[in-house]
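Student: Structure in structure tokens, see below.
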Amino acid sequence: MTESLIHPTAIVDPGATLGPGVRIGPYSVIGSAVVLGPGVEIGNHVTLESRVVLEASVKIGHGTVLGGAPQDFKFKDGTVSGVRVGTGTVIREHVTIHRATRDGGWTEIGRDCLIMVGSHIAHDCRLGDGVIVINNAGLAGHCTVGERATVGGVVGVGPFMRIGAFAYLGGVSGLTMDLPPFMLAAGRPATVRGVNVVGLRRAGIPPAARRTIQDAHRLLYREGLTPKDALDRIRREIPPGPHVAMLIEFIESARRGICGPPRGLAALESEEIV
């Protein structure tokens, strides 16, 4: 591991913990409770305040602020909470990620995520591994995003919303209900337009499993069934497997409903499965 490089204009509190090979750019401010893992790279004019833990090889773009106080009236000064970012994640320029609202709580970003320019991730959010958040998206407090899901640019996600694993939420959308795993949604409010076939293929999910997911989608969104009736048919008619089980569990645990189909529009699902 190379020697750490800290620009002379950076302000690094003596209480901060810096791993080997850390790089910190001009005019950045690193607080006393910050922990930087090996090989972390901090750009220019970055602020890390309160408890911020960046695991190995995380990269932070210019002007980003991590660990700021939540924008929540329930938050009380003196609460000890933080932001934790997994290994290999890249957070680009002018992103804001706020710390959790309760003592000992964390806003958590998984491994190998990409958070693009100008995005905001609010307090108590949890993003799984491999999540992509595209430019200027905003996630309100307590949102959960499953592994390898994508949140499109200029998207607004309401508080406590859930986005399932491998889902894709298209740009300039507004999410007001949970988006199930594997689905592709868009619109304001967002509605499910099909299966995220491209994302599933890129994730290495085999053709047979993709067919099963598409069959479940048809029952859930093209038969005019209630979610409960659709789940009953999915259990009866579709071979069991981990992807079907994930979809069923997500829908059964939805407390604010799930995204429905577009009204008066044909679903835009790609039938390509190879």
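Student: Among the residues in segment 201-214, are any closer than 28 Å to residue 122 by Cα, of a type in the set (D, E, K, R) and crowded, with 16+ Cβ neighbours inside 10 Å?
Tutor: Step one: of segment 201-214, the residues closer than 28 Å to residue 122 by Cα are 203.
Next, from what is left, pick out any that are of a type in the set (D, E, K, R): none.
Checked against the condition, which is being closer than 28 Å to residue 122 by Cα, of a type in the set (D, E, K, R) and crowded, with 16+ Cβ neighbours inside 10 Å, segment 201-214 yields no hits at all.
Student: Could you tell me which numbered condition residue 72 fails, if it satisfies all but one of (1) open to solvent by 40 Å² or more (accessible area, probe 1.4 Å); (2) charged (D, E, K, R); (3) at pLDDT 95 or above?
Tutor: Among (1) open to solvent by 40 Å² or more (accessible area, probe 1.4 Å); (2) charged (D, E, K, R); (3) at pLDDT 95 or above, residue 72 violates only (1).
Student: While we're here: Under 7 Å by Cβ, and 6 or more places apart or on different chains, what pairs join a residue from segment 96-115 that is among the acidic types (Asp, Glu) with one that is open to solvent by 60 Å² or more (accessible area, probe 1.4 Å)?
Tutor: 103/80; 108/84; 108/126; 112/129
Student: Ok, one more. Would you mind finding the one in 42, 60, 6 that is in contact (Cβ under 8 Å) with a residue 12 or more places away in the chain and open to solvent by 50 Å² or more (accessible area, probe 1.4 Å)? Steps first, please.
Tutor: Values: 42 fails: open to solvent by 50 Å² or more (accessible area, probe 1.4 Å); 60 fails: open to solvent by 50 Å² or more (accessible area, probe 1.4 Å).
Exactly one of 42, 60, 6 is in contact (Cβ under 8 Å) with a residue 12 or more places away in the chain and open to solvent by 50 Å² or more (accessible area, probe 1.4 Å), namely 6.
Student: Is it fair to say residue 172 is more than 23 Å from residue 242 (Cα to Cα) and buried (at least 24 other Cβ atoms within 10 Å of the Cβ)? Even if it seems obvious, please write down each step before you answer.
Tutor: Details: more than 23 Å from residue 242 (Cα to Cα): yes; buried (at least 24 other Cβ atoms within 10 Å of the Cβ): no.
No, not satisfied.
Student: With (1) charged (D, E, K, R); (2) farther than 22 Å from residue 48 by Cβ; (3) under 9 Å from the mean Cα position of the chain (by Cα) as the list, and residue 178 as the residue in question, which single condition is left unmet?
Tutor: Residue 178 satisfies every listed condition except (3).
Student: Now, a different point. For residue 47, state whether it is surrounded by fewer than 16 Cβ atoms within 10 Å (Cβ to Cβ) and β-branched (Val, Ile, Thr). I'd like the intermediate steps shown before the answer.
Tutor: Numbers: surrounded by fewer than 16 Cβ atoms within 10 Å (Cβ to Cβ): no; β-branched (Val, Ile, Thr): yes.
No; evaluated as a whole, the condition is false for this residue.
Student: Just name the residue that is surrounded by the fewest Cβ atoms within 10 Å (Cβ to Cβ) out of those in segment 92-135 that are outside any strand (DSSP E or B) and either in contact with a helix residue (DSSP H, G or I) (Cβ under 9 Å, 6 or more places away or on another chain) or among the basic types (Lys, Arg) (or both). Even if it seems obvious, please write down each step before you answer.
Tutor: If we filter segment 92-135 for residues that are outside any strand (DSSP E or B), which is where we start, we get 92-95, 99-105, 110-113, 116-119, 122-125, 128-131, 134-135.
Keeping just the survivors that are either in contact with a helix residue (DSSP H, G or I) (Cβ under 9 Å, 6 or more places away or on another chain) or among the basic types (Lys, Arg) (or both) gives 92, 99, 102, 111.
Values: 92: 20, 99: 25, 102: 15, 111: 19.
Looking at residues that are outside any strand (DSSP E or B) and either in contact with a helix residue (DSSP H, G or I) (Cβ under 9 Å, 6 or more places away or on another chain) or among the basic types (Lys, Arg) (or both), I get 102.
Student: Further question: Checking residue 52 against (1) part of a strand (DSSP E or B); (2) farther than 19 Å from residue 96 by Cα: exactly one of these is not met. Which one?
Tutor: That leaves (2) as the condition not met.
The values are calculated or read from the model by the stated rules, or taken from the named source; none is laboratory data. What you see is a predicted model, and the numbers here were worked out from it, not measured in a lab. With ideal geometry, Cβ positions are generated from the backbone for all residues, glycine too; neighbour counts draw on all protein chains shown. Side chains included, ligands, DNA and RNA excluded: accessible areas come from the protein's heavy atoms. Shrake-Rupley method; radii C 1.70, N 1.55, O 1.52, S 1.80 Å.
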